[in-house]
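> Following this message is one structure expressed as structure tokens.
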Amino acid sequence: MLVTDQIDMTIDGAAASVDASFEVLNPATEQVVGLAPDCSPAHLEKAMSAAQTAFGSWRQDLGVRRTALEAIADVVATHVDDLAAVLTAEQGKPLHEARREVLRTSDWFRHYAQVALDPEVVQDDATARVDVVRRPLGVTVAITPWNVPLALAAWKIAPALLTGNTVIVKPSPYTPLATLAMVALTRDLLPPGVLSALSGGDELGKAMTSHPIPRKLSFTGSAEAGASVLRASVPDFKRVTLELGGNDAAIVLDDVDVAAVAERIFWSGFSNAGQVCCAVKRVYVPRHLESALVDSLADLARSVVVGDGAVAGTQIGPLNNAEQRDRVSMLVDAARFAGADVVAGGAALDRPGYFYQPTIVRNLPQGSALVEQEQFGPALPVVAYDRIEDAVAASNGGKYGLSGSVWSGDATRAAEVGSSMDCGTVWVNTHGMLNPWQPFGGHKASGLGLENGRWGLDAFTDIQVRYTPR
Ligand code: NAD
């Protein structure tokens with residue numbers, strides 16, 4: 001698989017020929033890395049009707065589905081080098097992170113291949129037997145963002161397929177190639193129409209979500225687009241799962257060993273250049289520890305290797321696209337203009353590519369957008385607090401409630417503080433640990449519903465109650 005080739009869409013189990021395509025840029029060089037097909041309305045119709053037809057038999061045999069998911073796990077792991085190279089070229093992340101994403105993607109398929117799908121018996125006595133059975137919904141639309149395209153696609157495809165649904169996946173127009181390549185690898189492993197991959201822009205996403213055939217919309221991306229997806233679900237009551245933005249706080253307690261936690265907090269904020277929904281996006285630290293923590297974070301920010309993810313030794317790649325780089329730049333400039341201290345970084349790199357220096361900011365004025373909004377980039381604000389209640393209240397401010405963490409020498413105390421945080425996941429002395437068996441979802445504007453674990457699986461089903469009197 002050459003990155004500079006066009007990678008085809010998969011429709012009805014085969015490569016789809018197209019008349020139009022669009023360029024995908026390497027964010028480290030701004031050079032074209034490949035062409036992605038531009039899905040036409042006719043392609044969309046073909047994918048939808050193939051998925052609907054395939055659903056009839058795909059839902060019948062759980063054994064067939066388990067075997068297919070195992071085979072997908074194998075083929076993805078076997079192609080780790082090819083897929084990681086495409087992912088780094090179009091997304092920007094360092095190759096070792098791209099490899100890890102591909103292997104995690106494989107893990108997700110393997111996990112779901114083995115998950116139990118047993119009906120629940122809620123009554124079994126002299127009066128009646130009542131079974132609760134989960135039934136697949138039908139055609140599922142899976143839409144993903146540009147930060148973690150393969151793994152987030154697997155979060156949707158694997159449980160949807162296991163439960164007997166068929167899937168049409170649409171990656172972001174910034175990062176379509178790795179997903180198209182991954183789905184192309186599954187063509188011989190699945191019946192035609194069970195899994196299709198389409199590429200195109202936001203308009204394609206709108207056409208997919210408002211189409212009458214799908215019964216489930218599983219979306220990861222921004223809150224604004226998520227609201228649009230939710231609206232599209234309303235007229236015909238499509239089931240919806242939304243994983244949206246976040247503004248995760250890391251709350252450091254007063255007993256922490258700064259030297260022991262600084263590096264872990266740093267990487268929780270700067271992996272994938274900060275472009276992670278559940279990255280640490282703001283740090284709250286007791287005032288007497290502020291300087292020590294800021295100094296440690298700033299030292300790390302100055303010393304990490306920023307560069308092309310394809311080059312060995314790179315620790316932080318570029319932002320994925322110019323708009324995102326400019327947004328991060330604007331947020332840091334606004335904080336500086338308002339009087340904040342930019343103690344490390346604070347500017348784009350003077351070279352081709354969408355690079356921004358790893359940045360640490362302190363002494364931010366109240367209401368600073370860098371603290372209150374999702375920056376989704378390598379610029380971390382550190383906020384000093386005097387009372388833990390104030391830090392928790394501040395962390396609960398704003399529209400998001402995805403996840404957060406508490407850092408302390410006393411894990412029990414940290415968990416207690418975490419229980420006051422309004423968010424879907426709280427980590428203690430770590431951040432961003434995700435597993436296929438662990439539900440993940442946001443409170444407030446961070447989303448609707450859950451992915452992963454039994455909860456994520458259930459979201460691809462409707463319940464049927466079977467009541468049999470004795
Ligand atoms: P985005 O919302 O712009 O795009 C995401 C996907 O949705 C793309 O494929 C896009 O083409 C499509 N899309 C856009 N508008 C649409 C519409 N109206 N209808 C249907 N589809 C539409 O998001 P992005 O900029 O690619 O990703 C960044 C955002 O994603 C951040 O806010 C980040 O926090 C969030 N995110 C959340 C999670 C999570 O699990 N909560 C994970 C990763 C990223």
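> Out of (1) within 13 Å of the ligand (Cβ to nearest atom); (2) in a loop (DSSP other than H, G, I, E, B), the odd one out for ASN435 is which?
The one condition ASN435 does not meet is (1).
> Does LEU380 satisfy being under 24 Å from PHE219 (Cα atoms), within 16 Å of the ligand (Cβ to nearest atom) and modelled with pLDDT of 95 or more? Before you say what the answer is, go through the steps one by one.
Values: under 24 Å from PHE219 (Cα atoms): no; within 16 Å of the ligand (Cβ to nearest atom): yes; modelled with pLDDT of 95 or more: yes.
Taking the combined requirement at face value, the residue does not satisfy it.
> Which one of these is of a type in the set (Ser, Thr, Tyr) and within 23 Å of LEU162 (Cβ to Cβ): SER271, SER218?
Criteria check complete, one pass: SER218.
> Could you list, in sequence order, the residues of segment 378-414 that are aromatic (Phe, Trp, Tyr) and under 27 Å from GLY449 (Cβ atoms)? Walk me through how you get there before you give the answer.
Restricting attention to segment 378-414, the residues satisfying the condition of being aromatic (Phe, Trp, Tyr) are 385, 400, 407.
Within segment 378-414, TYR400 is the sole residue that qualifies.
> Follow-up. On the basis of being part of a loop (DSSP other than H, G, I, E, B) and either surrounded by 24 or more Cβ atoms within 10 Å (Cβ to Cβ) or not acidic (Asp, Glu) (or both), does ALA279 make the cut?
Judged against the criteria, ALA279 is a match.
> Got at least one residue in segment 452-460 being at pLDDT 95 or above, open to solvent by 20 Å² or more (accessible area, probe 1.4 Å), closer than 20 Å to SER218 by Cα and under 18 Å from the mean Cα position of the chain (by Cα)?
yes
Yes/no per residue for (1) more than 11 Å from the ligand (Cβ to nearest atom); (2) under 19 Å from the mean Cα position of the chain (by Cα); (3) surrounded by fewer than 24 Cβ atoms within 10 Å (Cβ to Cβ):
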residue: ALA158; (1), (2), (3): yes, yes, no
residue: ILE168; (1), (2), (3): yes, yes, no
residue: PRO171; (1), (2), (3): no, yes, no
residue: THR175; (1), (2), (3): no, yes, no
residue: ASP188; (1), (2), (3): yes, no, yes
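> Also, I was wondering about something else. Give segment 131-154 a look and list any residue that's open to solvent by 10 Å² or more (accessible area, probe 1.4 Å), more than 23 Å from ILE213 (Cβ to Cβ) and more than 10 Å from the ligand (Cβ to nearest atom), or say none.
Answer for segment 131-154, where residues must be open to solvent by 10 Å² or more (accessible area, probe 1.4 Å), more than 23 Å from ILE213 (Cβ to Cβ) and more than 10 Å from the ligand (Cβ to nearest atom): ASP131, VAL132, VAL133.
> Can ASP390 be described as free of Cβ contacts under 8 Å to residues at least 12 places away in the same chain, assigned to a helix (DSSP H, G or I) and at negative phi?
yes
> Inspect all residues belonging to segment 190-204 and state whether any of them is within 14 Å of the ligand (Cβ to nearest atom), under 20 Å from LEU450 (Cβ atoms) and in contact with a Ser or Thr (Cβ under 8 Å, 6 or more places away or on another chain).
The answer is no; no qualifying residue exists.
> Could you list, in sequence order, the residues of segment 233-266 that are farther than 23 Å from SER419 by Cα and in a loop (DSSP other than H, G, I, E, B)?
Answer for segment 233-266, where residues must be farther than 23 Å from SER419 by Cα and in a loop (DSSP other than H, G, I, E, B): VAL234, PRO235, ASP236, PHE237, LYS238.
The values are calculated or read from the model by the stated rules, or taken from the named source; none is laboratory data. Computed from a prediction, not measured in an experiment: that's the story for all the values here. In this analysis, Cβ positions are derived from the backbone assuming ideal geometry, glycine residues included, and neighbour counts consider all displayed protein chains. These accessible areas exclude ligands, DNA and RNA; they are computed on the full protein's heavy atoms, side chains included. Shrake-Rupley method; radii C 1.70, N 1.55, O 1.52, S 1.80 Å.
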